[in-house]
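The values are calculated or read from the model by the stated rules, or taken from the named source; none is laboratory data. Because the structure is predicted, anything quoted here is derived from the model rather than measured. Virtual Cβ from ideal backbone geometry, glycine too; neighbours counted across all protein chains shown.
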Amino acid sequence: MARRGGLLAGYDASTATAWRAGRVLRAAVAAFFNGYHCFSPVAAILALPFSAAVLASQAMAPSSSTLRGVSSRLREMFHAAGFPPSSFFALLNGKLSQTVFTFAATLPFALTFLLLAKACVAGVLAPAPDPRRRLMSLPRCAAVARAYPALLATHLFGSFVMLSANAAVFSLLFLAFGAADLLGFTSHASTLGLSAAGAIAYSVAVGVATVVCNLALVVAAMERGVAGHAAVLRACVLIRGSVPTALALALPTNLGMAAAEALFQLRVVSQRRKAGRLAPGVAGEAFSIAYIHALCVVLEIIVSCIFYRSCCKRSEADELRELEPEEKGDLQA
């Protein structure tokens, strides 16, 4: 019976997570189409330069000497740390070096255009006294300028959090492989099992750190006087109990951006390599794919704002309502 109850409890938890994520996604899509007259200029003016920088950096990555230098340094670091040569660490080295290169190449655009886009979307979706009578409109430039310093400080601190999360996972992997080497677990099966566990731990840690940093930017944009480490701490408190929902919400928009990046590689980069130049038709296709990527970026910001408003911003009355049955049970006991 206990085992059956545990399975039912797990099924109920996964069903509740899927239901919450679906509800937030439906609300985000509805808000996107209801305010398309506001979000399309944000995507075309602010998010598009950032998306173009991301796509261009990934197109230049294979032929970049900087990327090869970063990859060789990471390979030397893994070798010095005592990690065994495996396909997992080769794949991790490639993805990490490409991520570092893309982050460095797009940092000026992320600190300007992307943060301004986040401030505009948060201003459009900011709660109003009577949302039913309020038509969505772009915030004023003064409001965006006031929110930008908080977003900048939070983004810089979030980058430090991401770096710390990667360093923490690598430290744990170093300890795990070092302990396995001391205990004599050096077989191929042991190395494969530790690599699979390390891949899962790395994915979960980076995913949780990413959703916390994204929520911290929304907190900094919607709550005055909260920025930097205070916004990250506030996001950690708000996301408590809703981490699976946040991870489920991050999947669709990230898949959309990954699909746009893959389409850019297929339709633009490969055509340019074959022809040796960028034809006018291919240039127009590149602009269209960059705009699709920008729309996915804006939709990701909308999802984060709706998640903040619906799943994290709970009132005290809701908390008292949740505690009421337990208090009644204590009184009866």
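Going residue by residue through region 69-83, is there one that turns out to be within 29 Å of residue 291 (Cβ to Cβ) and either of a type in the set (Asp, Glu) or modelled with pLDDT of 80 or more (or both)? No, because not a single residue in region 69-83 is within 29 Å of residue 291 (Cβ to Cβ) and either of a type in the set (Asp, Glu) or modelled with pLDDT of 80 or more (or both).
Listed by first and then second residue, the pairs linking a residue in region 90-101 that is within 18 Å of residue 159 (Cβ to Cβ) and part of a helix (DSSP H, G or I) to a residue that is modelled with pLDDT under 75 and of a type in the set (S, T, N, Q), with Cβ atoms under 6 Å apart and 6 or more places separating them unless they lie on different chains, are 97/71.
Every residue, every condition in (1) more than 21 Å from residue 213 (Cα to Cα); (2) crowded, with 19+ Cβ neighbours inside 10 Å; (3) modelled with pLDDT of 80 or more, yes or no:
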{"position": "89", "(1), (2), (3)": "yes, yes, no"}
{"position": "103", "(1), (2), (3)": "no, no, yes"}
{"position": "106", "(1), (2), (3)": "no, yes, yes"}
{"position": "121", "(1), (2), (3)": "no, yes, yes"}
{"position": "128", "(1), (2), (3)": "yes, no, no"}
{"position": "135", "(1), (2), (3)": "yes, no, no"}
{"position": "151", "(1), (2), (3)": "no, yes, yes"}
{"position": "170", "(1), (2), (3)": "no, no, no"}
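Determine if region 247-268 includes at least one residue that is acidic (Asp, Glu) and at pLDDT below 85. Looking for residues that are acidic (Asp, Glu) and at pLDDT below 85, one finds none in region 247-268, hence no.
Inclusion of residue 179 among residues that are surrounded by fewer than 14 Cβ atoms within 10 Å (Cβ to Cβ), out of contact with any helix residue (DSSP H, G or I) (no Cβ under 7 Å at 6 or more places or on another chain), modelled with pLDDT under 75 and among the hydrophobic types (A, V, I, L, M, F, W, C) is not warranted.
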